[in-house]
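**Student:** There's a structure below that I have some questions on.
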Amino acid sequence: MFSWIREWVGGVKGSEAYCFVCKRKQTIVRPRTVILRNGKETRQGSCANCGTDVSSISGHRSRKS
């Protein structure tokens with residue numbers, strides 16, 4: 001409702017986000033890109049170490065097509 005999800009094809013290498021359970025940056029497993037209501041992109045997925053949901057917000061707005 002508040003965002004639409006565009007699945008990455010093949011995944012993105014080097015995607016990292018801060019995990020609040022592990023208390024450090026971890027690699028994102030099965031990353032996907034989500035466009036927020038304000039137009040910013042965020043990369044969401046699971047922590048490679050503990051499996052907790054993590055997300056990393058990029059600083060730029062996406063281009064809507």
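**Student:** Which of (1) assigned to a loop (DSSP other than H, G, I, E, B); (2) at pLDDT 90 or above is the odd one out, the single condition residue 10 does not satisfy?
**Tutor:** Exception for residue 10: condition (2).
**Student:** Collect the residues in the range 28-49 that are under 11 Å from residue 16 (Cβ atoms) and among the small types (Gly, Ala, Ser), keeping them in residue-number order.
**Tutor:** 45, 48
The values are calculated or read from the model by the stated rules, or taken from the named source; none is laboratory data. Nothing here was measured: the structure is a model prediction, and the numbers come from that model. Note that each Cβ is placed from the backbone with ideal geometry, even for glycine, and that neighbours are counted across all protein chains shown.
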